[in-house]
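Worksheet for the structure shown next.
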Amino acid sequence: MDRPMEDPADARAIRLPKGMTVEALWEARQALVQNPTPEGLKHLARQIFDVQQYVAGERLVLDVMAADQDNLPLLLAGADLLANYTTRYDVVVAVLAKVLAALPHLSELKVFMAAALVAKGDVALGLRVFADIMQNHPEHHVAACEHLAVALLEVGYMQEGHTVLDTWFRDNKPVTAALLNNMGCVLQRLNRSEEALPWYRRALELQPDNAGTIMGYAVALFKAGHYAQGAPYYAGREGLVEDTVSWYRALPRMEKNTSLHGRKVILFQDQGLGDTLQFIRYLPMVQARGALVTVVVPTGLVRLLTLSFPQAQVVAEKDFAPQDGYDLGLPIPDLPFVMGLRTPADIIANIPYLLAPPADVARFAALLGAQRPRIGLVWAGSRRTKPADVLTDQRRSATLEQVLGAITPVDAALVNLQFAPRREDLAAWNGQPVCDLMDHVQDMADTAAIIDNLDLVISVDTSVVHLAGALGKPAWLLSRWDGCWRWGDSGETSPWYPNMRIFRAQERSFAPVLEQMGQALRTWVATWQPGKGELD
């Protein structure tokens, strides 16, 4: 759970920094608010952010900054923390404006200000500040270019970011590892992953241990289809810190050639739900090699995976206390590569590999009504707190108005599969009715039972599209311009899910691709036949 700490009892609900008790954390927080210092704020806030407690960390930073609003070094320390760990760019911009008004000679802060403005969404003003830097502060040119490219990239202006970097390199300006990495990243997001690889390699030559570049290189290799080459880099990605939840990370890692017969193995989630649903298909291969497997996942997946893989022990991560007796561990996203995946042609597509509970399938069938075909809808991802994840979610998510405006009216029954806060968008929709049964959904097994009653699922890149694919249901994916590595650089199909059709945005806006999807859907409905599983 990630929420602000109001008192010590509330703090018991969150992950604690390593070696710190609830009482010690609370006392440190109270002491810092009463006697705020930049060093103290950075030390304690980073401890909280490093255990993924973004809401609690943000609350601490804001409270400490409010305790001494005229302490400019303290405000700068807080702004730096907010820019790196949250999306409170409004506060960052306000702080920087205040400091620059008082200390205009700190011109290096203009780079910080310009990037924050772009991230905040005020792109035009941010670019004007960058232009001022390039004209009047040559000593900050390298930093400005590094930050400008990243800021444009994160808010979805990939082509503009590429233009900035391409001009820089063509003009034979100074080369840094960050600039090389940024070019690799922008090319990968422009779906030119093969071109991105040499840029990442050059960046790694200058900074071989840079975690961000290592992960970017792995993703670019995967997106280009080079799974075998990317796997070692991907395996070295940064994960969650050791704590009471993820104690099993200390187990020896299961490797490709590890003997598994009779050994007790823990497979655990360390990415999103979609990763788990996609890659858990390789679990039977681990069992076939004689391993005794325990799968550790969020509570919402336990019932679905228990039904689908009855020979494995499936436990909720929140209930899995530290214990002895286990030999090996592995994050679920690494399963395909440890099991020998080398190229897209090697992907196991043993569809379906997930099963919906029959009793729940019947229960939802009675609630859905008789009209067919039935089409499930997801228009947005879940709201996140980590800055990079928030910006990714903004790029991958559409609005209900955009999606339904493009695909309706349609001679079909529309069924809501959107969960969490964005489900509330239905209340403002006045068009074709959408059946909403999500009040009856308690976990992913319930969602699977609804999907089992559908004829088609249309979704942005969320766990639901993986669930539909793993259940063998036809699924249409609305993919953002800078699509995830698992969908490759191009094409309408995916080797991961044979019944998937990919609609790829070719620009920041979803409008053109949604128009294409609406036309395709009307054709699909006109030719739909009961039991037909093909996507025309």
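The values are calculated or read from the model by the stated rules, or taken from the named source; none is laboratory data. Given the structure is predicted, the values throughout are model-derived calculations rather than measurements. Backbone-built Cβ (ideal geometry, glycine too); neighbour counts: all protein chains shown. SASA here: full protein model, heavy atoms, side chains in, ligands and nucleic acids out. Shrake-Rupley method; radii C 1.70, N 1.55, O 1.52, S 1.80 Å.
So the values come out like this:
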read-out: Scan of the stretch 302-346 for residues that are closer than 29 Å to ASP452 by Cα, touching a residue at least 24 places away in the same chain (Cβ under 8 Å) and surrounded by fewer than 18 Cβ atoms within 10 Å (Cβ to Cβ), ordered by number; value: LEU307, GLN311, GLU317, LYS318, PRO344, ALA345, ASP346
read-out: Any chance GLU23 is at pLDDT below 95 and of a type in the set (Asp, Glu); value: yes
read-out: Given (1) closer than 24 Å to ALA218 by Cα; (2) buried (at least 17 other Cβ atoms within 10 Å of the Cβ), index of the condition LYS473 fails; value: (1)
read-out: Every residue from the stretch 364-396 that is in a loop (DSSP other than H, G, I, E, B), modelled with pLDDT of 90 or more and either of a type in the set (Phe, Trp, Tyr) or open to solvent by less than 60 Å² (accessible area, probe 1.4 Å) (or both); value: PRO373, TRP379, ALA380
read-out: Residue within the stretch 234-245 that is among the hydrophobic types (A, V, I, L, M, F, W, C), in a helix (DSSP H, G or I) and closer than 22 Å to ARG504 by Cβ present; value: no
read-out: Candidates THR37, THR87 - the one that is without any contact (Cβ under 8 Å) to a residue 40 or more places away in the chain and among the polar types (S, T, N, Q); value: THR37
read-out: Residue within the stretch 495-514 that is farther than 22 Å from GLU401 by Cβ and touching an Asp or Glu at 6+ places or on another chain (Cβ under 7 Å) present; value: yes
read-out: Residue list for the stretch 200-239, filter: of a type in the set (D, E, K, R), more than 15 Å from LEU335 (Cβ to Cβ) and free of Cβ contacts under 8 Å to residues at least 40 places away in the same chain; value: ARG201, ARG202, GLU205, ASP209, GLU238
read-out: Filter result for ASP275 (surrounded by fewer than 17 Cβ atoms within 10 Å (Cβ to Cβ) and of a type outside the set (Phe, Trp, Tyr)); value: no
read-out: In the stretch 409-442, the residues that are of a type in the set (S, T, N, Q) and buried (at least 17 other Cβ atoms within 10 Å of the Cβ); value: ASN416, GLN418
read-out: Helices (runs of 4 or more DSSP H) (entirely within the stretch 47-155) containing at least 1 residues that are surrounded by fewer than 16 Cβ atoms within 10 Å (Cβ to Cβ); value: 54-67, 72-85, 89-102, 123-136, 141-154
read-out: From LEU404, LEU478, residue being aliphatic (A, V, I, L, M) and under 20 Å from the mean Cα position of the chain (by Cα); value: LEU478
read-out: Enumeration of residues in the stretch 482-527 that are assigned to a loop (DSSP other than H, G, I, E, B), crowded, with 19+ Cβ neighbours inside 10 Å and either at positive phi or of a type in the set (Phe, Trp, Tyr) (or both); value: GLY488, TRP496, PHE510
read-out: The stretch 424-447 residues that are under 22 Å from LEU305 (Cβ atoms), paired with ones that are among the aromatic types (Phe, Trp, Tyr) (beta carbon under 6 Å, 6 or more apart); value: MET438/PHE419
read-out: Residues (among the aliphatic types (A, V, I, L, M), within 16 Å of ALA420 (Cα to Cα) and assigned to a helix (DSSP H, G or I)) located in the stretch 448-464; value: VAL464
